[in-house]
Each structure stands twice: as C-alpha cells, then as structure tokens.
Amino acid sequence: MKTGKTFSLTLGAILSALSLAVLYLSCLAPTGRWGLVAVAGLFPVAAVISLGCRGGLAVWAVAGLLGLLLLPDKLNALLFALFFGPYGVAKSLLERKLPRWAAYLGKLAFFNAVLAVFSLALAQLFFPVLPQWLAQRGWLVFPLGSAVFLVYDLGLTRLIAFYVQHVGKHPRGHGI
C-alpha cells in the first residue's frame, strides 16, 4: 500500500465524503436512520486503522462539521458528531492503553457521557424520537442504552477484525 502524504490526504478525503454521503442518506431514509448514522461512523474507524488516530480525527471533524452545516436532520448530524464519529478514535486509544476491563469502563463512560448530553441538554430533540414507553421511563434510557452499546461495541470489534484481515492495515497506521 502507498505511504505518501498525497495518498493519506486522498484516502481521508474519500472516507470523509463517504461518511457524509451516508449521513445524508440517513436524513432521507424512512426507517433505520440511526443505523445509517452508525454506518457513517465506520468511515472514521477505517481512517483510524489505515491512517492512525489523527486520520480518524480528521475524517470525523470534516464529516461532522459538514454534516452539522449541510444536513437537514440536525439530530443525525449531532449523533454522528458527538458519538459515532469520535468513538473509533476513543475505542482505539482506550483499547491500546488500558487493560481490557478498564477499556470497557472507559468506553461505557464515554457512551454514557454522550447519552447524558442527549438526554439532558438535547432532550427536546432526543426524547421525541424514542419510543413512547421509553421516553416516559427516562431512568431506563441509561441501562438499556448501555446494553445496546455493548452489543454495538462487540459488533464493531468484529467488523474491525474483518477489515484488518481483508483490507489490511496501512504500514504507518496506528490503528485499533
């Protein structure tokens, strides 16, 4: 695989554009909007693997900023900007630097901090899109959200392993 700066810049731009395109599709889809936002979050993860944490941060920043500026559905853009975009970098750093149990605690803390922002600061946007039975029982949001997050993290770990095995890691990457 090429290792030049031009290649890295081009790959980062392509991953940013793909992430933004999937984010835009999430605004058009009648169902599965948050699933598409999660798919958009895979491109910063690919950047972390191929280009290192700086590349992942750059893809997240570009797609997140453009999403906030251009997308008609700001909740999807915020969900990407606050969680799915930066999560790949956070996952990489936590899993590289901490024992497994501490990494899980750190990842859960990251998720619950973002969930707290959504449920407290953005309640007018967040709670109307939740099922009514869950929105009425706000205390359930954190334990149920944490359980769903752990399943998401496990699935993401398996996708990363598949990506590394079949696509490969960039020689200079500091990936997950």
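The values are calculated or read from the model by the stated rules, or taken from the named source; none is laboratory data. All values derive from a computational prediction rather than experimental measurement. Cβ placement follows ideal geometry from the backbone for every residue including glycine, while neighbour counts extend to all protein chains displayed.
Cβ-Cβ below 6 Å, separation at least six or inter-chain, first residue in the range 97-120 and closer than 13 Å to A147 by Cα, second of a type in the set (F, W, Y) and outside any loop (DSSP other than H, G, I, E, B): which pairs?
F111/F149
Any chance the range 37-47 includes a residue that's in a helix (DSSP H, G or I), within 16 Å of the chain's Cα centre (by Cα) and either surrounded by fewer than 18 Cβ atoms within 10 Å (Cβ to Cβ) or not hydrophobic (A, V, I, L, M, F, W, C) (or both)?
yes
So V22 fits all but one of (1) surrounded by 23 or more Cβ atoms within 10 Å (Cβ to Cβ); (2) under 16 Å from L78 (Cα atoms); (3) among the β-branched types (V, I, T); what number is the exception?
(1)
Could you say which residue among R33, R54 is in contact with an Asp or Glu (Cβ under 8 Å, 6 or more places away or on another chain), basic (K, R) and under 19 Å from A81 (Cβ atoms)?
Going through R33, R54 in turn, the sole match is R33.
Touching a Ser or Thr at 6+ places or on another chain (Cβ under 9 Å) and either of a type in the set (S, T, N, Q) or without any contact (Cβ under 8 Å) to a residue 12 or more places away in the chain (or both) - does that describe any residue in the range 18-31?
Checked against the condition, which is being touching a Ser or Thr at 6+ places or on another chain (Cβ under 9 Å) and either of a type in the set (S, T, N, Q) or without any contact (Cβ under 8 Å) to a residue 12 or more places away in the chain (or both), the range 18-31 yields no hits at all.
Taking the range 57-84, which residues are buried (at least 22 other Cβ atoms within 10 Å of the Cβ), among the small types (G, A, S) and modelled with pLDDT of 95 or more?
A63, G64, G67
Go through (1) over 21 Å from F118 (Cα atoms); (2) in contact (Cβ under 8 Å) with a residue 40 or more places away in the chain; (3) outside any helix (DSSP H, G or I) and name the single condition S50 misses.
With (1) over 21 Å from F118 (Cα atoms); (2) in contact (Cβ under 8 Å) with a residue 40 or more places away in the chain; (3) outside any helix (DSSP H, G or I) applied to S50, the lone miss is (3).
Residues of the range 121-176 being modelled with pLDDT under 70, closer than 18 Å to N76 by Cβ and part of a helix (DSSP H, G or I), which ones?
A123, Q124, L125, F126, F127, P128, V129, listed by residue number.
Looking at the range 92-116, which of its residues are part of a helix (DSSP H, G or I) and more than 18 Å from F142 (Cβ to Cβ)?
S92, L93, L94, E95, R96, K97, R100, W101, A102, A103
Do you know which residues across the range 56-91 are in a helix (DSSP H, G or I) and more than 12 Å from the chain's Cα centre (by Cα)?
A58, V62, L65, L66, G67, L68, L69, L70, K74, L75
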